[in-house]
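**Q** I have a structure I would like to understand better, so I am pasting it below and will then ask my questions one at a time.
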Amino acid sequence: MKTATRTAAELLVDCLTEQGTDRIFTVPGESFLAVLDALHASETVDVVTCRQEGGAAFMACADGAMTGKPGIAFVTRGPGATNASIGVHVAHQDSQPMILFVGDVARPMRDREGFQEVDFAAFFGPICKWAARIDDPARIPEYIARAYSVAMSGRPGPVVIALPEDMLCDAISADLSPRPQVTRPAQAVCPDAMQAMLAMIGDAASPIAIIGGAGWNAKARNHFQAFAESIGLPVATAFRRQDAISASSPVYAGNLGYGPNPKLVERVKAADLVLAVGARLGEATSDGYTFPTLDHPDQILIHVYPDPEELGRVYRADLALCCAVDEFAEAAALWEDHSIIPFDAGPQAHTEWEHWATADAASTSDHALDMAACVAFMKETYPADTIIANGAGNFAGWWHRYWRYDGYPSQLAPTAGAMGYGVPAAIAGALRHTDRQVVAVAGDGDFLMNGQELATAAQHGANLTVLVIDNGAYGTIRMHQEREYPGRVSATELSNPDFAAFGAAFGAWTATASTTDEFKTALTEARGRSGLRLIHMKIDIEQLAASGASISGLRNR
C-alpha cells in the first residue's frame, strides 16, 4: 500500500497546531501560498488578515505578551520582512515570545539577489534570539519545536524562521509526525540563595523592589504581591510593566520610567537594598542608569532573572538568582523560615503614589480639554481590568500616571518606545480577551503609523475603543526641541485629517471632543456601545506632558 503524503506546508501547520497555536497574524504573500492553502483546511487556527506587516508583527508581539506563548506572524520576503522587523525589535527589547515566519525565495534562487531576496539570518540576527532557514522539509518538526523552546526559555524573545517557497510544496511522508508540545521549562530556585536573600532583606533598613519583565505572568504577580505585602516591602514597577502588581496593593509604590513620581525616585536612590525581579534595569527604568547606579556602592542589589546571560551583563549584582520569576515569587511567598520584621515603608510609599497619581485641582489645568481630568473620568467609567494599549509619545504619560492597571494583563505598551503599537496591540487584546474592555490610546503622529489596522479590527469584529489625542504635532520631539532649541520649530508640526471621519470610513462609531465635558459625554456613549469606536480628542499643543511641561514654560526657562 502506498504511503500517503502531505505537503511541507501542511506539516508546518500541523506542527503549529501541535504546539497549541490558535491564531496567526499575516499579510499574505506569494512566497507562502502553500501555507495559506494549508490553513484553509485548519479548523483550529484563526487567521487574522492585517494591512501592513508592521501591524501584523505588533499584534503577534502583543499576543505573546498576553499568553506567555509565542505570538505567530507570517509575512513575505523583502519588503514584508523588513516592515515586520519593528515588531521583532519590540519583542526583543520587551522580552516577549514571538515567532515570525518569512516566505523566502526558492532554494535555487538563493545568493543570486533574487526578487526581494534578503539574508534573513544576517538581517534579523542582532534583534532576535534565533534566526534560521528551513531547507529540508523533513526537519520542520525539529525547527518548530526548537523555535518554541527558544522563544519561551530563559529571557523570552523573538525567533525568525525563513521558509523557501519551493520547500513548502515538497511532498512529505504522512508518518513524519509533529513533535509534542514544548512548554517553558521551570527554572528552580536555589534554597541557599533564597535563604541568603531573605537574610539580606531582613538586615536592610530601607529596601525596595523593582519588578516586571522577562517571564512575568499571573502566577508571579499573585505570589510576589503576597510576599511583598506580608513584609511591607515597597514595590515599584519597571518601565511600562505597571500591571506586574495590582495598583490597589497596599505596597504598590508606582512606576519607574519616563516621568515617575519624584518621591519614588528619591526612595529608590535612598534604598540600602534593591530587589530587582524580572526587570533588566534598562535605560528607561533606571533613568539612564542613575538609580540604581551601575556600581551602587551604597546599595545591595539582588537581581532575579531567568537568563544567566543577563545577570552581570550591565549591573553588578551582590546576589544573582537565575530562575523563573514565577517560581521565585512562589518560593518567596511560601517560605516559612524567615524572621523579617514587616517594614512601614510599603504602606508609606503607596500613600505617596496615591497622592501623586490622583488627578485633583492641583494636577488639572484650565485647558479646554484637560488630559488629567479625562483619564480620571475614564477610570470611573471603564472597568478596573480594562486593557490599555499604547504606542510611544507623551500622550501615554497621562495614563501611566493616572490610570490604575488593576487587571492582568492590562497594559500593552512597548518598552522599546515604538510608535504605532497601540492600535495593533489593542486589536490583539480584543481578539484574545473578548470579555474585557480594550482601549487603544494613540497620539496623532502615533496613530497614523498603523491607523490602517482599523480595517483589520472591523473585518475581524474586534470590540475596542480608540482614543486619538491630536495636538497637531510630534509632541514628544517638540518638547525636546523646545528644551534644546526654544522657538525654533522644525519638522515637528503636523497637518492632520479629521480622525473621526477617518474612523467612520472603517465603520466605527465616532465622536469628536474639544472640551473635557465633550470627552466625558463621548466616552460615556462609547462605553455603552460595542464594536469599533473612536473618539478624536483635540488638545492644545501647550499641554505637552503629564508632568506639566508646556511650550511657554520651556521657552521661558
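**Q** With the condition kept exactly as written, say whether any residue in segment 295-311 is in contact (Cβ under 8 Å) with a residue 40 or more places away in the chain, surrounded by 14 or more Cβ atoms within 10 Å (Cβ to Cβ) and of a type in the set (S, T, Y).
**A** Within segment 295-311, one or more residues are in contact (Cβ under 8 Å) with a residue 40 or more places away in the chain, surrounded by 14 or more Cβ atoms within 10 Å (Cβ to Cβ) and of a type in the set (S, T, Y).
**Q** Mind telling me which of the residues G202, G215, G257 ends up being open to solvent by 10 Å² or more (accessible area, probe 1.4 Å) and part of a loop (DSSP other than H, G, I, E, B)?
**A** The conditions single out G215.
**Q** Report yes if some residue within segment 467-474 is crowded, with 24+ Cβ neighbours inside 10 Å and in contact with a Cys (Cβ under 7 Å, 6 or more places away or on another chain); otherwise report no.
**A** No, segment 467-474 has no match at all.
**Q** Every residue in segment 138-157 that is in contact with a helix residue (DSSP H, G or I) (Cβ under 7 Å, 6 or more places away or on another chain), within 26 Å of D175 (Cα to Cα) and surrounded by 22 or more Cβ atoms within 10 Å (Cβ to Cβ), please.
**A** I140, I144, listed by residue number.
**Q** When segment 236-254 is examined, which residues are found to be part of a loop (DSSP other than H, G, I, E, B), open to solvent by less than 50 Å² (accessible area, probe 1.4 Å) and either in contact with a helix residue (DSSP H, G or I) (Cβ under 8 Å, 6 or more places away or on another chain) or hydrophobic (A, V, I, L, M, F, W, C) (or both)?
**A** A238, F239, R240, I245, S246, A247, S249, V251 - these are the residues of segment 236-254 that are part of a loop (DSSP other than H, G, I, E, B), open to solvent by less than 50 Å² (accessible area, probe 1.4 Å) and either in contact with a helix residue (DSSP H, G or I) (Cβ under 8 Å, 6 or more places away or on another chain) or hydrophobic (A, V, I, L, M, F, W, C) (or both).
**Q** Looking only at segment 372-381, decide whether some residue is closer than 22 Å to Y408 by Cα, open to solvent by less than 10 Å² (accessible area, probe 1.4 Å), outside any loop (DSSP other than H, G, I, E, B) and of a type in the set (S, T, Y).
**A** no
**Q** Taking into account only those residues within segment 260-275 that are among the hydrophobic types (A, V, I, L, M, F, W, C) and either in contact with a Phe, Trp or Tyr (Cβ under 8 Å, 6 or more places away or on another chain) or more than 22 Å from R316 (Cα to Cα) (or both), which is most open to solvent (accessible area, probe 1.4 Å)?
**A** Taking the candidates together, the pick is V265.
**Q** Tally time: how many residues in segment 343-376 are in contact with a Ser or Thr (Cβ under 9 Å, 6 or more places away or on another chain), over 30 Å from T492 (Cα atoms) and of a type outside the set (A, V, I, L, M)?
**A** 4
**Q** Do you know which of the residues in segment 475-492 that are assigned to a helix (DSSP H, G or I) and open to solvent by 60 Å² or more (accessible area, probe 1.4 Å) is nearest to T515 (Cα to Cα)?
**A** I477
**Q** Quick one: what pairs do we get from segment 411-424, first residue among the hydroxyl-bearing types (S, T, Y), second surrounded by fewer than 23 Cβ atoms within 10 Å (Cβ to Cβ) and outside any loop (DSSP other than H, G, I, E, B), C-beta under 9 Å, 6+ apart or different chains?
**A** T415/Q93
Listed here are the residues, each with its yes/no results for (1) crowded, with 24+ Cβ neighbours inside 10 Å; (2) in contact with a Leu (Cβ under 8 Å, 6 or more places away or on another chain); (3) among the acidic types (D, E).
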position: D406; (1), (2), (3): no, no, yes
position: P414; (1), (2), (3): yes, no, no
position: V423; (1), (2), (3): yes, yes, no
position: R432; (1), (2), (3): no, no, no
position: V438; (1), (2), (3): yes, yes, no
position: G443; (1), (2), (3): yes, no, no
position: L448; (1), (2), (3): no, no, no
position: E453; (1), (2), (3): yes, no, yes
position: Q459; (1), (2), (3): no, no, no
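**Q** Which of the residues belonging to segment 511-551 are under 20 Å from G445 (Cα atoms) and among the aliphatic types (A, V, I, L, M)?
**A** Hits for segment 511-551 are A511, A513, L534, I535, M537, I539, I541, L544, A545, A546, A549, I551.
**Q** Take the residues in segment 354-368 that are open to solvent by 70 Å² or more (accessible area, probe 1.4 Å) and modelled with pLDDT under 95, then tell me which one is nearest to I539 (Cα to Cα).
**A** Once the filter is applied, the top-ranked residue is D366.
**Q** Report, by residue number, each residue of segment 15-33 that is hydrophobic (A, V, I, L, M, F, W, C) and farther than 25 Å from P79 by Cβ.
**A** If the condition is that a residue be hydrophobic (A, V, I, L, M, F, W, C) and farther than 25 Å from P79 by Cβ, then C15 is the only one that fits.
**Q** Another question, if that's okay. List, please: which pairs have Cβ atoms under 7 Å, are six or more places apart or on different chains, and start with a residue in segment 444-465 that is in contact (Cβ under 8 Å) with a residue 24 or more places away in the chain and of a type in the set (S, T, Y) and end with one that is part of a loop (DSSP other than H, G, I, E, B) and surrounded by fewer than 18 Cβ atoms within 10 Å (Cβ to Cβ)?
**A** Cβ pairs passing all conditions: T456/R51.
**Q** Only one residue in T21, T49 is of a type in the set (V, I, T) and surrounded by fewer than 21 Cβ atoms within 10 Å (Cβ to Cβ). Which one?
**A** T49
**Q** Hey, can you tell me all the residues within segment 314-351 that are open to solvent by 60 Å² or more (accessible area, probe 1.4 Å) and of a type in the set (G, A, S)?
**A** Passing the criteria: only S339.
**Q** Failed condition for G80, given (1) modelled with pLDDT under 95; (2) open to solvent by less than 20 Å² (accessible area, probe 1.4 Å), with all others met?
**A** (1)
**Q** Against the definition (surrounded by fewer than 20 Cβ atoms within 10 Å (Cβ to Cβ) and within 21 Å of G68 (Cβ to Cβ)), how does A174 come out, yes or no?
**A** Answer is no for this residue.
**Q** When residues of segment 102-126 are filtered for being open to solvent by 40 Å² or more (accessible area, probe 1.4 Å), under 24 Å from the mean Cα position of the chain (by Cα) and more than 18 Å from G29 (Cβ to Cβ), how many remain?
**A** 1
The values are calculated or read from the model by the stated rules, or taken from the named source; none is laboratory data. Everything quoted here is computed from the prediction, not taken from an experiment. Every residue, glycine among them, receives a Cβ derived from its backbone with ideal geometry; neighbour counts consider all protein chains shown. Side chains are part of the model used for accessible areas, which takes the heavy atoms of the whole protein and leaves out ligands, DNA and RNA. Shrake-Rupley method; radii C 1.70, N 1.55, O 1.52, S 1.80 Å.
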